[in-house]
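A short worksheet on the structure shown next.
The values are calculated or read from the model by the stated rules, or taken from the named source; none is laboratory data. Small disclaimer: the values here were computed from a predicted structure and weren't measured. Note: ideal-geometry Cβ built from the backbone for every residue, glycine included; neighbour counts use all protein chains shown. For accessibility, only protein heavy atoms count, side chains too; no ligands or nucleic acids. Shrake-Rupley method; radii C 1.70, N 1.55, O 1.52, S 1.80 Å.
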Amino acid sequence: MNAKKITALVCAVCLCAAITGCAKEEQADNAEVAETTTVQEETSVRSIELKEENFKELGRTYYADGKIYCALSGTGAEFTFTGTECSVTVMGDTNSANPSMADNQARVGIYVNGERVVDEMIDNLTETYEVFKSDTEETADIKIVKLSESPMSTFAITDITVNGKDVKPAEDKERFIEFIGDSITCGYGVDDEDMNHHFSTKTEDTTKAYAYKTAEALDADYSMVSFSGYGIISGYSDGEKKVSEQTVPQYYSKLGYSWSQNGSFVPANIDWDFSKRQPDVVVINLGTNDDSYCKGKDDRCEEFQQTYVEFLKTIREKNPDATIICTLGIMGQNLYPYVELAARQYSEETGDEKISWLMFDNQSQDDGIAADWHPTEKTHAKASAKLVEKIKEVMGW
């Protein structure tokens, strides 16, 4: 091959290499642009669609009309995301979300990475809270919790807006406990250590009560079905008249109960879907209000016992594999013998051995007394410690 042909061939090879190099560089530039565009789209400001697959449910929450409704104590939603901003909008109900109903408004707590950053009474029909803001992208766990109980007020989460990516539900914990109770479970008056003061949702905080503390101590998820003043056969009474409309069993299979209206949301009309998640343990703490009616009278105590047995059968029907623990005693132990008798009778009648009982210590004035003679957080902590040991004993945790 002569020199001219060799030179021409070398030039052709160099030209092809140059063209290929330019094409690869252009492809790399385009890929970088595409990647940048994708990242920008992922971290754009947007509302999270309020549907079940996007959130971890806390307690008996309800999805409808593009909203997450929260009624019972401890209900709410939890999720994680990576980004720079997050805001939450809630809708109060028409009866309580106004200044004239200060003692009945829903109380909401919002947590970021375990720290409570919002603690508010919902006194307007719509409230928006900026819960997280950062100059740099961070991964955050956002948890929205209803701190107050359901009869007086509910709220709905109507919008969650984030500037971020990787939005996903918080992970379920391996253990799940359901608590059935009254004002003690709700945390009635726990933020008001004056026994002469009366009920207000402003001083109610279920996260400071024994049930929530027990779930935290055992690293368990929870659900609470509890109403202040409610019982097995009677709500709180003057001792003469049975308050039969204030009983927990009638609402156990429902989403809850509230006399306050939140649009078309009526918890007592909504059947709860027990298949969503079955508890490992069901703790019942009822009888304190019944005692105000029973007053040690044999016929009334017998009615309490028999109705308790029937309620245990309902609980077992809905939760076939759970261990049931029957408790009483923080605000009085008068009916505890009948609680234990009911548990034993139920076990004998059905052959069900996955049931146990526990008498709480009566509250001590040395630990303080909260509003309307309710337990203080110190008393709740002691009750929780006793319950934790009982659960560990029967469950082997």
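Scan region 168-193 residue by residue and report those that are at negative phi and either modelled with pLDDT under 95 or assigned to a loop (DSSP other than H, G, I, E, B) (or both). Step through it out loud before you land on a result.
Taking region 168-193 as the starting set, the residues that turn out to be at negative phi are 168-186, 188, 190-193.
Correct list: 170, 171, 172, 173, 174, 182, 188, 190, 191, 192, 193.
Applying the criterion of at least 3 residues that are open to solvent by 50 Å² or more (accessible area, probe 1.4 Å) and touching a residue at least 12 places away in the same chain (Cβ under 8 Å) to the strands (runs of 3 or more DSSP E) found wholly in region 39-105 leaves 45-47.
Here is a check on your reading of the model: is residue 139 open to solvent by less than 70 Å² (accessible area, probe 1.4 Å), in a strand (DSSP E or B) and at pLDDT 95 or above? Walk me through how you get there before you give the answer.
Numbers: open to solvent by less than 70 Å² (accessible area, probe 1.4 Å): no; in a strand (DSSP E or B): yes; at pLDDT 95 or above: yes.
Taking the combined requirement at face value, the residue does not satisfy it.
Return yes or no: is residue 258 under 18 Å from the mean Cα position of the chain (by Cα), of a type in the set (Ser, Thr, Tyr), modelled with pLDDT of 95 or more and crowded, with 23+ Cβ neighbours inside 10 Å? Spelling it out, residue 258 is indeed under 18 Å from the mean Cα position of the chain (by Cα), of a type in the set (Ser, Thr, Tyr), modelled with pLDDT of 95 or more and crowded, with 23+ Cβ neighbours inside 10 Å. Restricting attention to region 319-337, the residues being open to solvent by less than 60 Å² (accessible area, probe 1.4 Å) and either of a type in the set (Val, Ile, Thr) or assigned to a helix (DSSP H, G or I) (or both) number 6. When residue 316 is tested against (1) outside any helix (DSSP H, G or I); (2) in contact with a strand residue (DSSP E or B) (Cβ under 8 Å, 6 or more places away or on another chain), only condition (1) is not met. Restricting region 340-397 to residues that are among the β-branched types (Val, Ile, Thr), buried (at least 20 other Cβ atoms within 10 Å of the Cβ) and in a helix (DSSP H, G or I), the residue that is nearest to the chain's Cα centre (by Cα) is 391.
For region 194-237, the tally of residues that are assigned to a loop (DSSP other than H, G, I, E, B), among the acidic types (Asp, Glu) and either open to solvent by 20 Å² or more (accessible area, probe 1.4 Å) or out of contact with any strand residue (DSSP E or B) (no Cβ under 9 Å at 6 or more places or on another chain) (or both) stands at 2.
State all residues of region 322-339 that are over 25 Å from the mean Cα position of the chain (by Cα), more than 16 Å from residue 283 (Cα to Cα) and of a type in the set (A, V, I, L, M); if no residue qualifies, say none.
335
Return a yes/no flag: does region 301-309 have any residue that is more than 27 Å from the chain's Cα centre (by Cα), open to solvent by 50 Å² or more (accessible area, probe 1.4 Å), in contact (Cβ under 8 Å) with a residue 60 or more places away in the chain and within 22 Å of residue 242 (Cβ to Cβ). Taking every residue of region 301-309 in turn, at least one turns out to be more than 27 Å from the chain's Cα centre (by Cα), open to solvent by 50 Å² or more (accessible area, probe 1.4 Å), in contact (Cβ under 8 Å) with a residue 60 or more places away in the chain and within 22 Å of residue 242 (Cβ to Cβ).
Looking only at region 142-167, filter to residues that are of a type in the set (Ser, Thr, Tyr) and in a loop (DSSP other than H, G, I, E, B); which one of those is farthest from the chain's Cα centre (by Cα)? Outline the logic, then answer.
Narrowing region 142-167 to residues of a type in the set (Ser, Thr, Tyr): 148, 150, 153-154, 158, 161.
Narrowing the set further to residues that are in a loop (DSSP other than H, G, I, E, B) leaves 148, 150, 153-154.
On the way: 148: 11, 150: 12, 153: 16, 154: 13 Å.
Only one residue fits best here, namely 153.
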